[in-house]
Amino acid sequence: MCAMGVAPPPAVPSGVIERIQSDLRSQRAARGRWPPGELSFSPRRTRDFEREPLPLLLRLHEDYGPVFTMRLLYLPIVFALGPEANHYITVSHASNFRWREGSMGDLIPLLGDGLLTTDGDYHRRARRIMLPAFHRERLAESTSIMVQEAERALESLRPGMRMNLYSWTRRLALRVAMRALFGFDADRGGRDGRMAEEFEETLGYWGKDYVLQMLRGPGSPWRAMNRSRAELDRVIFEEIARRRSSGERGVDILSLLLDAEDEDGSSLSDQELRDQVMTLLFAGHDTATSTVTFLFYELGRNPHEIGPLEQERDAVVGDRSPTAEELVAGLPRLDMALDETLRMYPPAWIGPRRSIEPFELCGVGVPGGVFINYCSWASHHLPQVFGEPARFRPDRFEPEAKAALPKGAYVPFGGGSRTCIGMRFGQLEVKAIAESILRRFRLELVEPQRELSIRQMPTLSPRGGLPVVVHERT
Ligand code: HEM
């Protein structure tokens, strides 16, 4: 076994000035005409995009069509919406787009060179090595962790109590991630508990206003993020070294990745392992938390959808805990509710890329070397593709209706060679948590009439969480 592989990609500038300069340089070098759109400098547009991007994106789609340009801060960014654009960028012409030089490169200081932030041969090799760890049979172990942790978390709920469902699920998802990815117990003090705290601290950086994120001096969120990241790195590298020297392995994903090999017998180096597990932790934590919260938000607003879900789980699972098989394939109504939740609120709502060569999409020319984003959130709200897009209607995902959707219409997990590697893991986790709640409780929204305000960076989540009242199921 050896750690040789493909050379890592070149570093991307992380200083604010360097980054702006490099963005402006490549914008000047862009070849070809920009798609139509709003190209003037407008702080108001930038603010609107930061606060509520969906209405803005849908308006520009109506005014200019599926491929348009919008200037945000100092940079024009091309957006491409709808089935054809999603399929073009993620599947049919994916090799003309790079993630690393896209508009979310500010994640690289935390994630390093993991699956999310790399392209080409480096990305392909890492995916080949990692995919077996996410096969269905391998996930059975993770599923029992999800079920156990969900049941444990439910012990803290009492009928009549009021709680923030988002915060409760976030703690639960972090415990699941710590155990399933690293074999750590987040409830244990010392190293394991600190790791969970540092991770939350690190993520906090991306929740700050954009201007605050740009500061780099003492006391800035950037410095705090880097301090926590360094502590996380220390714990992860120590654990990798400990496992390598002791040969100890568990049922966690780190154990599988330590021994995973490419076709040529090469394996992941310590640095590669660190970057990949940090990426998994980052990509899987917020996404699952938000999906559980949005699902129960919509169920709270559409109580007629709850009874059938309860009946389904009662008939299939009864009073015991669900098996992995039941969660995978035995709860089709819950699958439909989950699909519809991910249509309305796909947490990883934007697919940031940079084009390599100029190209034409939906009859519109786009230059090479520019930021271009596909966007599941806006694509899933196009009324010509999903009628009454603002209504929660799980029946859209009856198997036949789902199969009849145009290619690229529904992309909550992306597509092509970059499709979410944690898709099954994420779906199982959301279903394990939802199933355990449905078994024992009904959650009532504290403010059912209030439209949810949605925070969108780095993933969609309800601003301020979701207050609910817990009721015993009758
Ligand atoms: C409901 C849960 C989840 C949703 C909706 C989701 C969504 C997505 C999407 C849309 C992408 C593609 C982004 C792009 O095209 O730029 C992606 C990629 C990725 N996701 Fe997930 N994700 C979820 C859960 C997870 C989990 C649980 C993990 C890890 C355990 C994970 C790990 C990753 C990784 C590593 C990538 C990069 C894949 C690559 O580029 O090869 N995700 N996810």
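Where a number appears in this text, it was derived from the coordinates with a stated rule and is not lab data. Since we're looking at a predicted model, the values are computed, not measured. Cβ atoms come from the backbone with ideal geometry, glycine included; neighbour counts cover every protein chain shown.
In region 258-276, whose amide N lies under 19 Å from the spot 7 Å out along Cα-to-Cβ of His135? List them in ranges. What the label zone holds, given the 19 Å backbone N cut-off, is 258-268.
Positive end of the dipole of region 50-103 (Cβ unit charges, origin at the Cα centre): among Leu56, Leu81, Ala94, the Cα lying farthest that way belongs to Ala94.
Length gained on full extension, Asp48 to Arg450, computed as 0.36 nm times the residue gap minus the Cα-Cα distance: 142.7 nm. When each pair of different Cα atoms in region 16-472 is counted once in the 1/r mean, what is the Kirkwood radius in angstroms, to one decimal? So the Kirkwood estimate lands at 23.0 Å. Suppose each label sits 7 Å from its Cα in the direction of the beta carbon; what would the Asp270-Glu248 distance come out to in nanometres? So the label points at Asp270 and Glu248 sit 1.7 nm apart.
Ranking Gly265, Leu280, Gly464 by how far each Cα lies toward the positive end of the dipole of the chain (charges on Cβ) leaves Gly464 at the top. Take Arg162, project a point 7 Å from its Cα along the Cβ direction, then tell me which residues of region 454-470 have their backbone nitrogen under 16 Å from it. Backbone N within reach: 464-470. For region 101-123 versus region 10-27, the spacing of their alpha-carbon centroids is 15 Å. About its Cα centre, the dipole of region 287-377 is roughly 420 debye, where the only charges are +1 on Lys and Arg Cβ and -1 on Asp and Glu Cβ.
Using only the Cα atoms of region 1-146, build the gyration tensor, take square roots of its eigenvalues as a ≥ b ≥ c, and label the shape rounded, prolate or oblate: rounded if a/c is under 1.5, else prolate if a/b is larger than b/c, else oblate. It comes out prolate by the Cα gyration axes. Only Lys, Arg, Asp and Glu carry charge here, each on its Cβ (+1 for the first two, -1 for the last two); on that basis region 16-472 has a dipole of about 1220 debye about its Cα centre. Shape analysis of region 348-474 places it in the prolate category; the axes a ≥ b ≥ c from the Cα gyration tensor give an a/c of at least 1.5, with a/b above b/c. In a DSSP loop and with at most 16 other Cβ atoms within 10 Å, the trypsin sites (Lys or Arg not before Pro) in region 416-474 are Arg450, Arg463, Arg473.
Taking a ≥ b ≥ c as the square roots of the eigenvalues of the Cα gyration tensor, an a/c ratio of 1.5 or more together with a/b larger than b/c marks region 210-290 as prolate. Which is farthest toward the positive dipole end of the chain among Gly112, Ser245, Tyr205, measuring Cα position about the Cα centre, with Cβ charges +1 (Lys, Arg) and -1 (Asp, Glu)? Of the candidates, Tyr205 comes out farthest on the positive side.
Separation of region 223-259 from region 412-463 is 28 Å, based on Cα centroids. Using a cutoff of 8 angstrom between alpha carbon atoms and counting only pairs six or more residues apart, the relative contact order for the chain works out to 27 percent.
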